[in-house]
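Worksheet for the structure shown next.
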Amino acid sequence: MEWHSMSCSKAINKLNTDGKKGLSSGEAKKRLEKYGYNRLEQKKKKGIIFKFFSQFADFMVLILLVAAAISFFTAIVDENGDFIDPIMILLIVILNAVTGTIQECKAEKAIDALKELSAPHSRVIRDGKIKTVLSDELVPGDIISVEAGDLLCADARLIDGFSLKAEESALTGESVPCEKHPDAICPQNTPTADRVNMLYSSTFVSAGHGTAVVVETGMNTQIGKIASMINNEEIPPTPLQKSLAKTGKLLGTGAVIICIIIFALGMLQKVPPLDMFMISISLAVAAIPEGLPAIVTIVLALGVRKMALHRAIVRRLSAVETLGSATVICSDKTGTLTQNKMTVANISTYDGTVSAHSDSGTFILSLSSLCNNSVLYKKSNEYHADGDPTETALVIAAANADRPKNSLDEQFGRIGEIPFDSKRKRMTTIHRLSTGGYRIITKGAADILLLLCNFVRTENGTIPISDSIRRRLLSENDSLAQKAMRVIAVAYRDSGTIPTLDDSAEKGLIFCGFIGMTDPPRPQAKGAVAQCKKAGIRPVMITGDHIITAKAIASQLGIFTEKDKAITGTELDKLSQNELQQQIYNYSVFARVSPEHKVRIVKAFQARGDVVAMTGDGVNDAPALSCADIGCAMGMGGTDVAKNAADMILTDDNFATIVEAVEQGRGIFENIRKTIHFLLSSNIGEILTVLCAFLLRLPSPLLAIQLLWVNLVTDSLPALALGVEPPDPDIMEKKPSDTRHSIFYGGMSFNIIIEGCFIGAIAFLAFTIGRIFFDSGGDLIVGRTMTFAVLSLSQLVHSFNLHSEKSIFETGIFSNIKLIGAFIIGVIMQVTVISVPALSSIFKAVPLTPFQWFITVLLSISPLLIVETEKFFQNRKH
């Protein structure tokens, strides 16, 4: 239907809705059942059967299956053929595939849950009241309320709008915001980009506010009709996952080459070709860390879910990697470092401080309430308001002075508005006077507003404003700001004719006075700032507030010290980017800044090698959030545009939550390092055990079925258990990790090789002891069984070495219950296949005697004893 070619009243009638009260909840529910959820069609997900069979797509697994088939065929041809080996290999491969499928499903579910956490919401009028609902639940006929910064999630016909502009580049490609006119009726063939009475899904409101009626949802929207993939984007691999994929390929290539060498050595030793082929392929399957990227994805996703419980919703997995490396946090002041509970504490005029109930006080408060978009209501016999915290404080103060906004709006009807803009630092509204004529009211930053005033209101009437009066008033403004107050200046003028909605309306104003408001620091903020500094992170305050107010709050929190400097946006403009880059470390407070300044500040820190986290909530903050290494949007007061540009959303708008998120991010990154360390050192041990035997012209210490079983026992549960370790208590006492370093920094590569060599050495030692002292007549069954047990159990024990850099006796063995559980399950599985005769015969093993078990256990726990000794001397050295 051509909604743009009909009036808004006709559209409302067509949709059988009420333009003021909206739909009833019952009717909205019926329409949701009729039209379906307001979402684009999702790309069909892979079914569980497809996921299962895709596990066999790995080249080495396919070769192993071919080898098993050949072995099976050989067993059929040979009258005394052994079917157990091919059957068990097949079963273990299937079990591995099941494990891989479960891991893939878990990762997918975790990522889906993250998408739900950051799902957009919309404000609708239902049952005559404004409600916030999930945008998925919007239906045709819903009346929606929109304002600057809102992401639009449905196509809608405008009902009314004030200075409304929409940024529609996502749909039309037009980079300049489009002005909207509710009263316009467009011809039917009007291009989408020129439909000035419509709002479209996937675009956002860049200025103004208004209401509209939803006309199309889901795939019926314009963006749905062009088959947009906006909601079908797959989460791209993170830099870490890409790096690990490359590392995995490199290690895989190395493992294949070693396996080819082992195969060749076996052939030289006259080992039957099929047996040697099975051993080589099984070793390759066990040694190649093909599951590493999947496990890292699961660890990242589970970590992000945990962060969401701590009020930090991460929208991009790559942000977790960056969080642990943050060296600078640029935070807004209001609501993030402070409580965002503004209250009017002072009203000052030309004649001095006045009471809120005096004539001058009520007049200024009335003006500030009229030039205001907050919604006033009464609850439990007290006034409350919804809207911007500064504006709600003004509206509530006016209402408490017997000037409720509802009554004022009826008396002085608003006919126009120039919305607040971070560049202009002021807002203006135009009202009709009951006596005839019009009143222009402007409120905003004192230093800006005083330049627009020609007169000042006093007890004795209006007098011309002079430079000396301006200086005196600015001095009063500074005095209030030094008391950590946020100061709003108020001015007005009356006109006989309707002024135009541009800067000319704000000329020749009469200055009325200042309103000072306080917003105390959050209780947790001071401690969070101290924790930042201890962790090697520089906290920086960036605010649009007056520099004196900013310095006062920053000093209370410990951000601004005697050696630090503060700078304003005006002073920043005088510095070239190169000069700012050189001087950036001198400043800890940036006041009176615009969004463009934020981008410059971020780039200056980044040019010095810093990893920058930046907070933001407005439409114009999106460039800075995108530019920062970690963009943090405000969940409570932030606009949809800011949230979409951000990597992380703070659901409580609290600075302490950023610091907590950094701690969690560091913990997750360390857990990934632990997981990689464990898997690679274990795999190297497996390769070396077999390689050493063939280099010494000895029989294979392990059979194919045994290698695959070791891989199954050690590569899944312990690795995942290490991935969910809680962060070390002292993790925020360390310096941030350098993003330029490989994940193997700090000697990790060396440790992996040494530990892998040790695991291989003790497994080979077990084979030697068993072969020499317990086997007879050339039978290697005890030696292989001991090697089989030691290789598996030592890796399970080795997982405790990576539990922490500290001694396990210091951290406590039970500090990670999941790791204990993984260890117990692994031990039970390994002991069972050796000790139960029916199973041991399948795995070509033999039940061990108590003495043999004693040697096996002693060798298996030796990695823990060796690494504990190493930790003791390292910690003593530190």
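Would you mind computing Rg(Cα) / (2.2 N^0.38 Å) for region 358-489, counting N as its residues?
Ratio of Cα Rg to 2.2 N^0.38 Å: 1.09.
Please name whichever of P177, A661, F412 sits farthest to the positive end of the charge dipole of the chain, dipole taken about the Cα centre and charges placed at Cβ: Lys and Arg +1, Asp and Glu -1.
Ranked along the dipole, the leading option is F412.
For L15, list long-range residues whose amide hydrogen, built 1.01 Å from N in the peptide plane, is under 5 Å from its own amide hydrogen.
So L15 has HN proximity to no qualifying residue.
According to the Kirkwood expression over distinct Cα-Cα pairs, how big is the hydrodynamic radius of the chain, in Å? Could the numbers behind the result be given before it?
Values: mean 1/r = 0.0316 Å⁻¹.
Every distinct Cα pair counted, the radius reaches 31.6 Å.
Starting from the Cα-Cα distance between L839 and L696, subtract it from 0.36 nm times their residue separation and give me the gain in nm to one decimal. Display every interim value, and only then the final one.
Numbers: separation 143, 0.36 × 143 = 51.48 nm, distance 3.06 nm.
Full extension from L839 to L696 adds 48.4 nm.
Tally Lys/Arg at +1 and Asp/Glu at -1 over every other residue whose Cβ is under 15 Å from the Cβ of C757; what's the total?
Values: positive: none; negative: E686, E755, E870.
Local charge sum for C757: -3.
Can you pull out the trypsin sites (Lys or Arg not before Pro) in region 533-632 whose DSSP state is coil and whose Cβ has at most 10 other Cβ atoms within 10 Å?
K563, K574
Which whole-Hz couplings ³J(HN,Hα) result when phi for each residue of region 705-716 is put into the Karplus expression 6.51 cos²θ - 1.76 cosθ + 1.60, θ = phi - 60°, listed in order with x for Gly and Pro?
Values, residue by residue: 5, 5, 4, 5, 5, 4, 4, 5, 5, 9, 8, 10 Hz.
With charges set only on the Cβ (+1 for Lys and Arg, -1 for Asp and Glu), what does the dipole of region 574-629 come to about its Cα centre, in debye to the nearest 20? Don't skip to the end; give the middle numbers.
On the way: 6 positive and 6 negative charges, 42 e Å.
So the magnitude is around 200 debye.
Can you compute the modelled spin-label distance between T132 and N406, with each label point 7 Å from Cα toward Cβ, in nm?
Taking the simple label geometry, T132 and N406 are separated by 2.3 nm.
Report, as a whole number in µm² per second, the diffusion coefficient that Stokes-Einstein gives for region 531-669 at 37 °C and 0.692 mPa s using the Kirkwood radius over alpha carbon pairs. Intermediate values should be presented prior to the final figure.
On the way: Rh = 15.3 Å.
Translational diffusion coefficient: 214 µm²/s.
Given the Cα-Cα distance of Y37 and D275 and 0.36 nm per residue of separation, how much length would full extension add, in nm? Write down the numbers at each step before the final one.
Numbers: separation 238, 0.36 × 238 = 85.68 nm, distance 5.82 nm.
Extra length available between Y37 and D275 comes to 79.9 nm.
For region 791-878, compute Rh as the Kirkwood radius over C-alpha pairs and then the Stokes-Einstein diffusion coefficient at 4 °C and 1.567 mPa s; write the answer in µm²/s, rounded to an integer.
Working: Rh = 14.5 Å.
It diffuses with D of about 90 µm²/s by this estimate.
Using the crude model of +1 on Lys and Arg Cβ and -1 on Asp and Glu Cβ, and no other charge, please compute the dipole size for region 606-697 relative to its Cα centre, in debye to 20.
Around 700 debye, computed over region 606-697.
Using each residue's phi in region 604-609, evaluate 6.51 cos²θ - 1.76 cosθ + 1.60 at θ = phi - 60° and report the 3J(HN,Hα) Karplus result to the nearest Hz, with x for Gly and Pro.
Karplus values, whole Hz, x for Gly and Pro: 5, 5, 5, 5, 8, x.
Say R0 is 41 Å: what FRET efficiency, to the nearest 0.05, do L575 and K483 get from their beta-carbon distance? Can you show the working numbers first?
Values: r = 29 Å, r/R0 = 0.72.
After rounding to 0.05, the efficiency reads 0.90.
State, to one decimal in nm, how far the label point of K735 lies from the label point of Q188, with both points 7 Å from Cα in the Cβ direction.
Those two pseudo-labels are separated by 7.2 nm.
Would you grab the residues whose amide H sits under 5 Å from the one on A154? Only those 5+ places off in sequence or on another chain, please, with H modelled 1.01 Å from N.
Amide H neighbours of A154, under 5 Å, 5+ apart: S201, S202.
Using a Cα-Cα cut-off of under 12 Å, which aspartates and glutamates could be cross-linked to K425, ignoring same-chain neighbours fewer than 8 residues away?
Partners within reach: D447, D545.
Between rounded, prolate and oblate, where does region 294-421 land on the alpha carbon gyration tensor, with a ≥ b ≥ c its root eigenvalues, rounded for a/c under 1.5, else prolate if a/b exceeds b/c?
Taking the square roots of the gyration eigenvalues as a ≥ b ≥ c, region 294-421 is prolate.
What dipole magnitude, in Debye to the nearest 20, does the chain give about its Cα centre under +1 on Lys/Arg Cβ and -1 on Asp/Glu Cβ?
720 debye
Which translational diffusion coefficient, to the nearest whole µm²/s, is obtained for region 724-859 from the Stokes-Einstein equation, given a Kirkwood hydrodynamic radius over C-alpha pairs, 25 °C and 0.890 mPa s? Mind showing how you got there, number by number?
Numbers: Rh = 17.2 Å.
The calculation lands on 142 µm²/s.
Using a/c under 1.5 as the rounded threshold, could you call region 669-765 rounded, prolate or oblate? The axes a ≥ b ≥ c are square roots of the C-alpha gyration tensor eigenvalues, and prolate needs a/b larger than b/c, oblate otherwise. The partial results should precede the final answer.
Details: a/c = 3.36, a/b = 1.98, b/c = 1.70.
The shape class here is prolate.
Nearest 0.05, what FRET efficiency do L95 and H121 give at R0 = 56 Å with Cβ-Cβ as r?
Efficiency computed from Cβ-Cβ geometry: 0.80.
Using the alpha carbon gyration tensor of region 554-620, what are the three equivalent-ellipsoid semi-axes (square root of 5 times each eigenvalue), largest first, in whole Å?
17, 15, 13
According to the square roots a ≥ b ≥ c of the eigenvalues of the Cα gyration tensor, what is the shape class of region 412-469, taking rounded for a/c under 1.5, prolate for a/b larger than b/c otherwise, and oblate for the remainder? Could you put the intermediate results ahead of the total?
Details: a/c = 3.29, a/b = 1.15, b/c = 2.87.
Note, shape of region 412-469 comes out oblate.
Reachable aspartates and glutamates from K818, Cα under 19 Å, same-chain residues fewer than 8 places away excluded?
Partners found: E670, D715, E725, D728, E805, E810.
Once you compute Rg and the Kirkwood Rh from C-alpha atoms, what is the Rg to Rh ratio for region 150-220?
0.91
I'd like the GluC sites (Glu not before Pro) in region 554-589 restricted to DSSP loop residues with at most 16 other Cβ atoms within 10 Å, sorted by number. Please list the in-between numbers first.
Numbers: sites: E562, E571, E579; in loops: E562.
Passing both the DSSP loop test and the Cβ count: E562.
How many angstrom separate the Cα center of region 470-496 from the Cα center of region 403-460?
Centre-to-centre (Cα) distance: 14 Å.
For the chain, what's the relative contact order in percent, using C-alpha pairs closer than 8 Å and at least 6 residues apart?
Normalised by residue count, the contact order of the chain is 12 percent.
Can you spot the lysines whose alpha carbon is less than 20 Å from K129's alpha carbon? Ignore those fewer than 8 places along the same chain.
K20, K21, K29, K30, K378, K379, K405
Give the range of the longest stretch in the chain that excludes all chymotrypsin sites (Phe, Trp or Tyr not before Pro) found in loop regions by DSSP and having at most 12 other beta-carbon atoms within 10 Å.
Working: sites that count: F83, Y745, F814.
Value returned for the longest uninterrupted segment is 84-744.
Using DSSP to call loops (not H, G, I, E or B), can you name the GluC sites (Glu not before Pro) in region 386-494 whose Cβ has at most 12 other Cβ atoms within 10 angstrom? Numbers along the way, then the final one.
Numbers: sites: E391, E410, E417, E459, E476; in loops: E459.
Passing sites in region 386-494 are E459.
How far, in degrees from 0 to 90, does helix 467-482 lean away from the longest principal axis of the Cα atoms of the chain, to the nearest 10?
Once rounded, one gets 40 degrees.
Gap in Å between the Cα centre of region 542-617 and the Cα centre of region 315-386?
22 Å
For R472, R740, give me the order by solvent-accessible area with a 1.4 Å probe, most accessible first, ignoring ligands, DNA and RNA.
R740, R472
The values are calculated or read from the model by the stated rules, or taken from the named source; none is laboratory data. Please read these numbers as outputs of a predicted model, since none were measured by experiment. Note that each Cβ is placed from the backbone with ideal geometry, even for glycine, and that neighbours are counted across all protein chains shown. Calculation scope for accessible area: heavy atoms of the full protein, side chains included, ligands and nucleic acids excluded. Shrake-Rupley method; radii C 1.70, N 1.55, O 1.52, S 1.80 Å.
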